[in-house]
1. Quick check on the range 221-241. Is at least one of its residues surrounded by fewer than 22 Cβ atoms within 10 Å (Cβ to Cβ), out of contact with any Gly (no Cβ under 7 Å at 6 or more places or on another chain) and under 22 Å from ARG91 (Cβ atoms)?
2. Go through GLY88, GLY120 for me and flag whichever is in contact (Cβ under 8 Å) with a residue 12 or more places away in the chain, over 30 Å from LEU199 (Cα atoms) and part of a loop (DSSP other than H, G, I, E, B).
3. Out of the residues in the range 13-30 meeting the condition of being farther than 26 Å from ILE271 by Cα and among the polar types (S, T, N, Q), tell me which one is modelled with the highest pLDDT.
4. Taking the residues in the range 33-62 that are in a loop (DSSP other than H, G, I, E, B) and at pLDDT below 95 as candidates, determine which candidate is nearest to GLN148 (Cα to Cα).
5. Just checking, does the range 63-75 include any residue being outside any helix (DSSP H, G or I) and buried (at least 21 other Cβ atoms within 10 Å of the Cβ)?
6. Might you let me know whether the range 192-206 holds any residue that is of a type outside the set (S, T, N, Q) and outside any helix (DSSP H, G or I)?
7. Does any residue of the range 153-161 turn out to be assigned to a loop (DSSP other than H, G, I, E, B), touching a His at 6+ places or on another chain (Cβ under 8 Å) and crowded, with 22+ Cβ neighbours inside 10 Å?
8. Report every pair of residues separated by at least 6 positions or lying on different chains whose Cβ atoms are under 6 Å apart, first residue within the range 202-220 and under 21 Å from SER92 (Cα atoms), second among the charged types (D, E, K, R) and crowded, with 16+ Cβ neighbours inside 10 Å.
Amino acid sequence: MVSGVDIQEMPRHTLVMGILNVTPDSFFDGGKIGTVLDARACAETMVRDGADWIDVGGESSRPGAEPIGLEEELRRVLPALEAIRDLGVPRSVDTYRAETARRALAHGAGMINDITALRGDPEMAAVVAEAGCPCVLMHMRGNPKTMQDAPGYADVVADICAFFEERMAAVMREGVREEQIWLDPGFGFGKTVAHNLELLRRLPEFKRFGRPLLIGTSNKSTIGTVLDAPVEERLEGTAASVAIAVFQGVDAVRVHNVGAMKRVVRMSDAIRNGSA
């Protein structure tokens, strides 16, 4: 429990995860955070704007991205985690490497957000199980370098549900408890525009697992395609996707523009719940 938020429990109101990318090549904010001081300043702004927790990532997962090495990821992530330790909100780490997860947890991270759903490193499930921390299992077709190579599904939602069933069973066999698991259908990760829009329309189908649901639509290329907008002009499209997701009952949204999206979330929650 940090600042009244327990990210292992189902929230009464939708949580806002602020994205802190300490990378030079992320699609939206790559290169903007070049120093530990930059990371601290960005995180302080997100906290002031209402972030419920901050997700620190050291490797870009944009389409076509090349992986980096473990030492480089640690060099980027650990100082940033340390720099924001005292801000009073939980911190998660976006990584698929067990050693990064292990070291990040030792630096006070409280959640592991894994785009490979704990498949990318054979030791990751054991690290999560031993720590007893929440973990996000995200759906992705292929890897960031290959995921947009002609993605296809028989039924995108049914196929992702089958994936979640398999991954939940697999990680639980390795000692991860069901109550540790969050799910993310992976908007933009190995999906076409049509697939992504269908995900948003059918989000309630993922609630059948009884696990908290995280969605990350922020400023992604589907929004740019629909609106014919460059990445710096996707705020309104992001707001629309966040409002739809909140109204359909997601538990958390992962966003870049925390202040604006916090207001969207509060209004959407008020409409859904019938009260402020």
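1. Scanning the range 221-241 turns up no residue that is surrounded by fewer than 22 Cβ atoms within 10 Å (Cβ to Cβ), out of contact with any Gly (no Cβ under 7 Å at 6 or more places or on another chain) and under 22 Å from ARG91 (Cβ atoms).
2. Unique residue meeting the criteria: GLY88.
3. Within the range 13-30, the match that is modelled with the highest pLDDT is ASN21.
4. Looking at the filtered set, the residue picked out is ARG62.
5. No: the range 63-75 contains no residue that is outside any helix (DSSP H, G or I) and buried (at least 21 other Cβ atoms within 10 Å of the Cβ).
6. Checked the range 192-206: at least one residue is of a type outside the set (S, T, N, Q) and outside any helix (DSSP H, G or I).
7. no
8. PRO212/ASP251; LEU213/ASP251; LEU214/ASP184; GLY216/ARG254; ASN219/ARG234
The values are calculated or read from the model by the stated rules, or taken from the named source; none is laboratory data. Please read these numbers as outputs of a predicted model, since none were measured by experiment. With ideal geometry, Cβ positions are generated from the backbone for all residues, glycine too; neighbour counts draw on all protein chains shown.
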